[in-house]
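Working notes for the structure below.
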Amino acid sequence: MLFTGKGGGGTTTVAAATATLAAQRGHRTLLVSFNPVGGLAATLDHPVSGAPEELEPGLFGVQIDLQHSFERRLDAIRPLLDVAWAQADLDPIEAEELAAFTGVGEMLALLELRDHLLSDRYDLVVVDAGPAADALRLLSFPETLSWYCRRLLPPDGRFVRWIRPSMSRSARLATRVGHLAEPVYDLLTRLRVTAAELREVLTDPARTSVRLVLTPETSSLAVTRQVFTALSLHGLPVDAVVANRVIGAGGGDVWRAGWAAAHREQLGEIEAAFAPLPVLRAAYRGGEPVGLEELAAFGAAAYGSLDPAGVLGARAGSDSEAPRVERTADGYAMSFGIPFADRGEVDLARMGDELVVTVGPHRRLLALPAALRRCDVRAAWLRDNRLVVSFVPDPDQWVHA
């Protein structure tokens, strides 16, 4: 279960409260944070380290140290890399240089998460995924990595062309490349398998849920709608929305009554926008919920009788499902949900055997099924929060009786 939302909306508090309540209701729960400055330890009022530590019966917390994780994982393959550098007569790349590569942080975070899921020590793993931009990079990374691996690996990937003998390549360079080919190929193959496993876990609504945290304000709702569109574009399942810091009607003074009326109006818009997903309400509190006792009370008020560890809802039309392909009178139609998207911000392109879908600043590269690879894109349209792409068979690529 991953929590994200607009920065400053209380994502860490809601994630910690959910984990604490789930543990008190009988679920063996692990609370995970990847952000060292995210404030998890302060929220729990308890130190957390790089190893899971029991905070109270059934509740464990861990603050992932990505640098330590990188060094530990690098040690496992360092002998192989050292041999490759020596045989290729190349200077080895230092750990600090490798750690700076784009995507390394996201890959390490997901590997750590996978390890905790596979340990079978917990019924529930709650992740404080941080602000929306960070969470989207993290959750979409397996698909991005898969795309790069497809472009590099056989049968026609660039890696194959790179190691293929060439008359223009010197014998010395060919020898260097040959020594590097096997370890690089092995690494890319393992990365492709890992990316596929992570993608399968993250997109399975029976195993993974994303919960969006927002405050009842116009700007927060606008950002949350965009985040929900991006999550749906990547096929990531959202099961609930948590409205945090809601001011109720009680109290009597004019200032509070004004805010309560404004929040009541915003909550109506939020519920209408995300229906039929449940919208949980966490009331504004006079004091910040700090410590396990306060967090449990905060969570109980928000969830009520609902099971915080259960799947709370599924959007009508299953917008987070995998792309759906159907036969039509003259070919095929592929469709998938992109709620809240406007026609003017949607762009579509065909790149070989892949479909490139862009919605605002977010982009997804979809590997086409075998049948659609032999088709041409004829048209596309938005209908009921779904993008529908029409394909017609290419006569030059289809065998006729």
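Nothing in this text is a laboratory measurement; each read-out follows from the coordinates by a stated rule. Bear in mind the structure is a predicted one, so any value in this text is a computation, not a measurement. Here Cβ is always computed from backbone atoms with ideal geometry, including for glycine, and neighbour counts include all displayed protein chains.
Could you go through the range 292-301 in sequence order and give the Karplus-derived ³J(HN,Hα) for each residue, using 6.51 cos²θ - 1.76 cosθ + 1.60 with θ = phi - 60°, rounded to whole Hz, and x for Gly and Pro?
Computed from phi, the couplings for the range 292-301 are 5, 5, 5, 5, 5, 5, 4, x, 4, 5 Hz.
Rank-order 275-281, 233-239, 203-209, 379-385 by packing density, defined as the average count of other C-beta atoms within 10 Å over each peptide's residues, highest first.
By packing density, highest mean first, the sequence is 233-239, 275-281, 203-209, 379-385.
At what distance in nm do the modelled label points of Glu269 and Asp123 sit from each other, each positioned 7 Å from its Cα along Cα→Cβ?
3.9 nm
Under 5 Å between amide hydrogens, which residues at least 5 positions from Gly7 or on another chain qualify, with H placed 1.01 Å from N in the peptide plane?
When sequence neighbours closer than 5 places are left aside, the close amide H contacts are Ala132.
Report the dimensions of the range 324-393 along its three principal axes from the alpha-carbon atoms, largest first, rounded to Å.
30, 24, 17
Near Pro393, within a Cβ-to-Cβ distance under 9 Å, what is the net charge of the other residues, with Lys and Arg +1 and Asp and Glu -1?
It works out to a net charge of -2.
In the range 269-401, what is the volume of the convex hull around the alpha carbon atoms, normalised per residue and reported in Å³? Write out the running numbers ahead of the final one.
Working: hull volume 23.6 nm³, N = 133.
For the range 269-401, the hull spanned by Cα atoms encloses 178 Å³ per residue.
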